[in-house]
Each structure stands twice: as C-alpha cells, then as structure tokens.
Amino acid sequence: MIFTNINDEAQNKSLAKDIQFCIEFAKKNENKILSLVHGNYDVGYNNIKMNVGKYFTKNENEKFWESHKKYLDVQIMINGTEKVSIGDIHNMNEKSFDFEKDLVILEGEKAFDVVMKTGDILVFFSNDAHKPELNISETDNSENIRKIVTKVVFKIEINKMNI
C-alpha cells in the first residue's frame, strides 16, 4: 500500500509511470471529474479505467473486505473525507472471488485505519485488503456523520503496468 497526496511531487515522481499518470490525470481534470456522473470511464492511456464514485460514507458493518488479483487500485479523493480500513490478505480468509469484476471478498480483522481527505491517494496492491467508503466516526449515532464524497479509482492491470 502507498499513501500520498496529489501535491506531494517529490514522492509521486518516484512511483510507477502508470500511477504518476493517474495522479496527473486527476489533478488536471478535477473539475471535469466533479461534473461526471457516477460510473466507469476510459482515460485513453494503457487501458487504464477510471471509476468515478459519488456516494455517502457508510458504517463499517455495511461494507466488506475486498482486494483484487488482476488490477491495482489508485484511489484519489477528489472531494470529501472518508475512513478506509486496511488489512493484509495473508491474515484473512477468502470468502469468494468474482473473476469478471476482479473482486475478492474477504473476512478478517483490520490492521489499521487511514483517513482520506481531499487530495489524498491510496494505492492498493493485490495483498492489500481494504474496506473503503467508511464514516470517520462510528461513535456518533446521528446521520450527520454520513458525508457525501467524490472519489476516483483508477484500475491498472498489474501485468501490463508501466514502471
């Protein structure tokens, strides 16, 4: 897993070329991304797909652990704040795998949480179990802890990645 920010030029220059492309694409197209509807888009580079998510954050028990075998996730928070729980697939049990969606459903315990704010980036590799889209606080029962966010998830095919 990699945690960085869209404005951290020194660290981002050290990343694989495809990851750098995703960061620059999001940075240059922020307003366009905010105007897009929830869905999947082709970015016209190395078969990278961009999933635009516009959603309300959820309680942890409403989400499941996931990972991916074929694709690397580059998640960039365009607007908003959410918590993402992180784990390692080696400490979890695989419940199912959907080959078409490249979605591994897991069960197990988290190692830690990361709070993503506008401009933050998480890169998930195959061994990185993650549970995204979570409310920042689970202790407050009021609905105001649910926040709407806009986040893009770029999907990079691991075996075809430009390094």
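The values are calculated or read from the model by the stated rules, or taken from the named source; none is laboratory data. Everything quoted here is computed from the prediction, not taken from an experiment. Quick reminder, even Gly has a Cβ in these numbers, built from the backbone with ideal geometry, and neighbours come from all protein chains shown. The area values use the complete protein model at the heavy-atom level, side chains included, leaving out ligands, DNA and RNA. Shrake-Rupley method; radii C 1.70, N 1.55, O 1.52, S 1.80 Å.
Assigning unit charges at the beta carbon (Lys, Arg +1; Asp, Glu -1) and nothing else, what dipole magnitude in debye, to the nearest 20, does segment 1-126 show about its Cα centre?
380
Per residue of segment 119-124, in order, report the coupling 6.51 cos²θ - 1.76 cosθ + 1.60 (Karplus, θ = phi - 60°) as ³J(HN,Hα) in whole Hz, putting x for Gly and Pro.
x, 6, 9, 10, 10, 10
With a Förster radius of 30 Å, plug the Cβ-Cβ distance of Asn7 and Phe99 into 1/(1 + (r/R0)^6) and report the FRET value to the nearest 0.05.
0.20
Could you tell me whether the chain comes out rounded, prolate or oblate from its Cα gyration tensor? Rule is a ≥ b ≥ c as square roots of the eigenvalues, rounded for a/c under 1.5, then prolate if a/b exceeds b/c, otherwise oblate.
Verdict is oblate for the chain.
What is the extension gain from Ala111 to Leu34, computed as 0.36 nm multiplied by their sequence separation minus the C-alpha to C-alpha distance, in nm to one decimal?
This chain segment gains 24.5 nm when fully extended.
Tell me whether segment 74-157 comes out rounded, prolate or oblate; compute the Cα gyration tensor, take square roots of the eigenvalues as a ≥ b ≥ c, and use a/c under 1.5 as the rounded threshold.
oblate
Quote the relative contact order of segment 46-161 in percent (integer), defining contacts as alpha-carbon pairs under 8 Å separated by 6+ residues.
Computed over segment 46-161, the figure is 48 percent.
Taking a ≥ b ≥ c as the square roots of the Cα gyration tensor eigenvalues, with a/c under 1.5 meaning rounded and otherwise prolate when a/b beats b/c, else oblate, which class fits segment 36-126?
oblate
Please list, in order along segment 101-107, the HN-Hα scalar couplings obtained from phi with the Karplus expression 6.51 cos²θ - 1.76 cosθ + 1.60 (θ = phi - 60°), rounded to whole Hz, x for Gly and Pro.
For segment 101-107, the Karplus curve yields 8, 6, 10, 9, 9, 10, 9 Hz.
Can you work out the accessible area per residue across the chain, with the rest of the protein chains kept in place, probe 1.4 Å, in square angstrom?
On a per-residue basis, 53 Å².
Which value in deg cm²/dmol, rounded to the nearest 500, describes the helix-derived mean residue ellipticity at 222 nm for the chain, given -39,500 (n - 2.57) per DSSP H run of n ≥ 4 and division by the residue count?
Value at 222 nm, helices only: -3500 deg cm²/dmol.
Step through the table entries Lys13/Lys155; Lys17/Lys58; Lys28/Lys101, compare each Cα-Cα distance with 31 Å, and write down the pairs that go over it.
Check vs 31 Å cut-off fails for Lys17/Lys58.
Please give the length that would be gained between Asp42 and Ser137 if that part of the chain were fully extended, namely 0.36 nm times their separation in residues minus their C-alpha to C-alpha distance (nm, one decimal).
Between Asp42 and Ser137, full extension yields 30.8 nm more.
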